[in-house]
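S.K.: Got a structure for you, written out below as structure tokens; questions coming shortly.
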Amino acid sequence: MPIRDRIARTQLWKSVFRHPMPTDRRNRVQVMLSNFFLHLHPVSVQKQGIALSYTWCMGGATFFLFLVEVVTGVLLMFYYRPTLEHAYNDVLALRDVATLGVLRELHRWSAHAMVIAVMLHMYRVFLTGSYKPPREFNWVIGVMLLVLTLLLSFTGYLLPWDQLAVWAITVGSNMARATPVLGLEGPGANLLTLGDGVKLITPASDAKYVLLGGRSVGEAALNRFYVLHCVAIPLAASLLIMVHFWRVRKDGGISGPL
Amino acid sequence: MLQDVNPGVLAGLAWYYLLASALNAAAAAHVAYAEMVGEGADVAGLAPRTRRFPGWLGPVLVGLYGPALLILGLRGWIPGGTTAAYGLAALANGLLALTAGADAAHFAEVRASGGVHADEAHPSLDDHVPAAGLGGPINRTLWALVWSVVAVVFQAIGLTYLFHGPLVLPSFARAGVDSMAGPTTFFLGSALLFAATLRFRRVVANGLVAFGVVNLSILAFGLSLTDGDFRRIVSTPDNVPIVGLIVLAAGFTWLALRRGVINDARRAEGLPVLEALEQDRVLSWPDLVYIELICMVAMTLFLIAWAVALPAPLEQPAKMTEAPNPAKAPWYFLGLQEMLVYFDPWLAGVGIPVVIIVGLCAIPYLDVNEEGRGYYTAASRPFAMATFLFGFLVLWVVLIVLGTFLRGPNWNFFGPYERWDPYKVVPLNNVDLSDLVWIRALGRAKPSWAPLRELPGLALLAFYLFALPPILLRTLFKGYAAKAGTARAAVAVVLLLLMAGLPLKMMLRWTLNLKYVVAIPGFNI
Ligand code: HEM
């Protein structure tokens, strides 16, 4: 008996893979049903729906880049401490000291690529009219994912703590100060005033302060962005991606004519 | 003359044109030898083809490109290896281009002299069978020759750079472009280009036209790279992805328009759309899973190559007392930062993003056109296409490009070949609408009571947001309102007006130097 078959008959192998190699129709169906990672997919798909000329593979690319971000991001977390004292030097050391010195590059360029891919995915979904019924709500979920992707990238931008980072975030977060009603310099900032002139919106309580945890980009902002970037937003995005994929299937698979 | 280019840049340009030449040689070979059947075209009843890629050419090409790659990989150990590799690859390019051109001419000659298939009344697969909607068949001989000539020319340019030939963009051209460039010309030019592309999509969808545009872009970009200032901006590590975004957005737009043109023509002829031709289902294993696997491997390789080639930027440690000039937000927010030129932060930074998000979410509920679901089309949803593409391509991508590449210190505009001079002074003489109305039109002092002073602006705003929608709903959008219902249509029209507000305000700034329509501190619009 060839060694391959012998391995496939061991108890160990069979406990992992519940069926023989997917070489015939029956087992090709089986593998899609019994494998956790593959069961994201339906057992069979319409040929045109998966054509590269139709989807441009941009949704899949976005998801793949998200996974790359998760893996490289976790590895980066081993090296990086989000404090004013260490942040910059840790990032510096990533290039000079760490083994596999391209970790940061992989993470940063994949992040850029993910932002581009998600925009192009949305563009494709629009162009093929795939948001039309019954997929309206999945489009809405998609928009939330778009926003989360941008926020992921934005919060990560601060972490190297160099001039590029803090000033980009300063420019960005200055906008929060102008939020209507809730920002110190936004229209209607005085609306939230208690009876005898006690203002609720102050430099220490307006929208920018909430975003940064301080009046300007500082240690508290670094910590806040770190937690958002490494925990909160990835969790939210993962959840929405799961819902997104679930809905793609429940809405009848990738769209097609008729 | 050469102050802008150093040996490294010359070598880079030499390889750039080598690739451009290879691309054109491949195009020439494609036109000369390939079976050119457009998407969904019917080939039943055509005579079999006789054009064949010559058997000897394949091994010879492998024998040239292969060693070239090998030598390139080992260049550290082989003195002069880079030049040798270049020579081999250039030779291969030239060989491919010339053989393709010559063979195309040869095929034409055989046919004209009564050779293969010339006696048959109907066309053969040797001809180009175009897809519906894209015009007639092309002259394969002519175009194989054209692309092979282009390949040879590009290769000649590349060799010139290899031997340090002083080919740079002439300074009068740079000065000319810089003096013509400005936020107004750039934005309006892009908007016009967009409108023309959409309007003449049947022409643009033609592969020859598109490939011609690609070649022109390659040449323009290559020449621009000889300018130090241009190079500095496009090769800033964080800006490189945006070059990619431009290429991808343009390429995908072209693909979508092309398929749209074909589908629209097919529907007009009563044929099924391209997407309906493949109705059968396939098993996810292997068809889908393998596509995914191949995509993942390809992307992994791509990412690793990118990461090795381009170090991530790390500037000086943060100093909260020393703001860089210009201080730019991350690139995907630069369109919004550009809006700061025209709007106050509460609109540019908060109002507009919120409207964008709400507007995007609303699209599926506002677009009640049942046509165009699940296939590419342009003709059956012209309004949706024009609006969304304008929003995405012009208001989002073009403004990102503007903010990234053309905005320098103090957020001043700089031409593509202009040095970023932090002391450049641009006179600002913007006026408010109240100035225009009270002082210039009525010739009197502005009233000091703010509500009265701002009355013209407030009236204009009220008209735009409250009076215009009902008017539009009864005129331009009458059919839409009848179909979608008044409430839905009203939301759609208001969102459209908000979106149109951006280019409108921009145009008011360019024509009237208008700063604010309503100037009430904290509520400037
Ligand atoms: C993290 C972000 C996202 C991920 C990982 C993702 C992933 C995917 C994938 C893998 C598909 C299957 C088809 C394809 O690959 O094109 C899909 C479909 C879809 N996506 Fe997304 N997506 C994301 C964001 C978005 C956004 C921003 C939108 C729109 C605003 C969107 C709307 C849709 C819709 C409507 C479909 C169904 C398309 C069809 O049936 O043809 N998604 N998504």
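S.K.: So what is the calculated 222 nm ellipticity per residue for chain B, using -39500 (n - 2.57) for each DSSP H run with n of 4 or more, over all residues, to the nearest 500 deg cm²/dmol?
M.R.: Rounded to the nearest 500, it is -18500 deg cm²/dmol.
S.K.: Just to check I understand the Karplus step: with θ = phi - 60° and J = 6.51 cos²θ - 1.76 cosθ + 1.60, what whole-Hz values come out for the stretch B:472-488, glycine and proline as x?
M.R.: 4, 5, 8, 10, 4, 9, 4, x, 5, 5, 5, 7, 8, x, 5, 4, 4
S.K.: Follow-up question, since we're still on this one. Output the 0 to 90 degree angle, nearest 10, between the alpha-carbon long axis of helix B:183-199 and the longest principal axis computed from the alpha carbons of chain B.
M.R.: So the helix axis and the longest Cα principal axis differ by about 60 degrees.
S.K.: Follow-up. Which aspartates and glutamates have a Cα less than 12 Å from the Cα of B:Lys319, not counting those fewer than 8 places away in the same chain?
M.R.: Leaving aside aspartates and glutamates fewer than 8 places away in the same chain, those within reach of B:Lys319 are A:Asp162.
S.K.: Additional query: Using modelled amide H (1.01 Å from N, peptide plane; none on Pro or chain starts), what sits under 5 Å from the amide H of B:Ile138, excluding residues fewer than 5 places away?
M.R.: B:His128
S.K.: Sticking with this one: Arrange the peptides A:26-37, A:223-234 so that the one whose residues have, on average, the most other Cβ atoms within 10 Å appears first.
M.R.: The peptides rank, most packed first, as A:223-234, A:26-37.
S.K.: What accessible area, in Å² to the nearest ten, does a 1.4 Å probe give for B:Phe477?
M.R.: It works out to around 30 Å².
S.K.: Here is a further query. How much of A:Ser216 can a 1.4 Å solvent probe reach, expressed as accessible area in Å² and rounded to 10?
M.R.: 70
S.K.: A follow-up question, please. I'd like the mean, over residues of B:79-89, of how many other protein chain beta carbons sit within 10 Å of each residue's own Cβ.
M.R.: Mean shielding by partner chains, rounded to a whole number: 0.
S.K.: Bins of 5 Å, beginning at zero and ending with the bin holding the largest distance: percent of Cα pairs per bin for the stretch A:52-172, please.
M.R.: 2, 10, 18, 19, 16, 12, 9, 7, 4, 2, 0
S.K.: Please list A:Arg249, A:Arg215, B:Arg49, A:Arg108 from largest to smallest accessible area, probe radius 1.4 Å, with all protein chains kept in place.
M.R.: Highest to lowest solvent-accessible surface, that is A:Arg215, A:Arg249, B:Arg49, A:Arg108.
S.K.: Sticking with this structure for a sec: If you take each beta carbon of peptide A:150-156 and count the beta carbons of other chains within 10 angstrom, what is the mean?
M.R.: Counting Cβ atoms of other protein chains within 10 Å of each residue's Cβ and averaging gives 2.
S.K.: Taking the Kirkwood radius as the inverse of the mean 1/r across Cα pairs, report the Rg/Rh of chain A.
M.R.: 1.09
S.K.: Quick one: which residues, 5+ away or cross-chain, put their amide H under 5 Å from the amide H of A:Ser44? H built at 1.01 Å from N.
M.R.: B:Ser284
S.K.: Over the Cα atoms of the protein assembly as shown, each weighted equally, I'd like the Debye log10 I(q)/I(0) at q = 0.06, 0.07 Å⁻¹, rounded to two decimals.
M.R.: Evaluating at q = 0.06, 0.07 Å⁻¹ gives log10 I(q)/I(0) of -0.46, -0.64.
S.K.: How much of the accessible area of the stretch B:1-166, in percent, comes from carbon and sulfur atoms when a 1.4 Å probe is used?
M.R.: Result for the stretch B:1-166: 71 percent of the exposed heavy-atom area is carbon or sulfur.
S.K.: With θ taken as phi - 60° and the coefficients 6.51, -1.76 and 1.60, list the Karplus ³J(HN,Hα) couplings across the stretch B:373-380 in order, rounded to whole Hz; mark glycine and proline as x.
M.R.: 10, x, 7, 7, 7, 10, 6, 8
S.K.: What's the angle, to the nearest 10 degrees (0 to 90), between helix A:233-250's Cα axis and the longest principal axis of chain A?
M.R.: Relative to chain A, helix A:233-250 is tipped by roughly 40 degrees.
S.K.: Please list, in order along the stretch A:68-84, the HN-Hα scalar couplings obtained from phi with the Karplus expression 6.51 cos²θ - 1.76 cosθ + 1.60 (θ = phi - 60°), rounded to whole Hz, x for Gly and Pro.
M.R.: 4, 4, 5, 5, 5, x, 4, 4, 4, 4, 5, 9, 10, 10, x, 10, 4
S.K.: Leaving ligands and nucleic acids out of the surface, order B:Ile291, A:Ile201 by accessible area at 1.4 Å, largest first.
M.R.: I get B:Ile291, A:Ile201, largest accessible area first.
S.K.: I've got another one for you. Which order do the peptides B:52-58, B:466-472, B:9-15 take when ranked by the mean count of other beta-carbon atoms within 10 Å per residue, highest first?
M.R.: Ranking the peptides B:52-58, B:466-472, B:9-15 by packing returns B:9-15, B:466-472, B:52-58.
S.K.: Then there's this: I'd like the accessible area for B:Arg381, computed on protein heavy atoms only with a 1.4 Å probe and all protein chains in place. Round to 10 Å², please.
M.R.: Per-residue accessible area (B:Arg381): approximately 0 Å².
S.K.: Let me ask another. At 0.692 mPa s and 37 °C, plugging the Kirkwood radius over alpha-carbon pairs of the stretch A:1-118 into Stokes-Einstein gives what diffusion coefficient in µm²/s?
M.R.: Stokes-Einstein gives a translational diffusion coefficient of 179 µm²/s.
S.K.: When you look at the Cβ of every residue in B:299-309, what mean number of other chain Cβ atoms sits within 10 Å?
M.R.: Neighbouring Cβ atoms belonging to other protein chains average 5 per residue here.
S.K.: I would also like to ask the following. When we measure straight from the Cα of A:Lys14, which aspartates and glutamates land under 16 angstrom away, once same-chain ones fewer than 8 places off are left out?
M.R.: Correct list for A:Lys14: A:Asp5.
S.K.: To the nearest whole percent, what portion of all C-alpha pairs in chain B is separated by more than 39 angstrom?
M.R.: Of the Cα pairs, 42 percent sit more than 39 Å apart.
S.K.: Related question: Per Stokes-Einstein, at 37 °C and 0.692 mPa s, what whole-number D in µm² s⁻¹ belongs to the stretch B:180-246, with the Kirkwood radius over Cα pairs as the hydrodynamic radius?
M.R.: Here the translational diffusion coefficient equals 235 µm²/s.
S.K.: Mind ordering B:352-364, B:411-423 by average Cβ neighbours within 10 Å, highest first?
M.R.: So the order, starting with the most tightly packed, is B:352-364, B:411-423.
S.K.: Okay, next question. Quick one: if you stick a label point 7 Å off each Cα along the C-beta vector at A:His39 and B:Thr321, how many nm between them?
M.R.: 6.2
S.K.: On to the next question. Taking a cut-off of 20 Å between Cα atoms, list the aspartates and glutamates near A:Lys199, but don't count ones fewer than 8 places away on the same chain.
M.R.: Output for A:Lys199: A:Glu185.
S.K.: Do any of B:Lys446/B:Lys505; B:Lys424/B:Lys515; A:Lys132/B:Lys478; B:Lys328/B:Lys515; B:Lys424/B:Lys446 go past 25 Å between their Cα atoms, and which?
M.R.: Pairs exceeding the cut-off: B:Lys424/B:Lys446.
The values are calculated or read from the model by the stated rules, or taken from the named source; none is laboratory data. These figures come from a predicted structure and were not determined experimentally. Cβ coordinates were reconstructed from backbone atoms using ideal geometry, including for glycine residues, and neighbour counts include every protein chain displayed. With ligands, DNA and RNA removed, areas are computed over all heavy atoms of the protein, side chains included. Shrake-Rupley method; radii C 1.70, N 1.55, O 1.52, S 1.80 Å.
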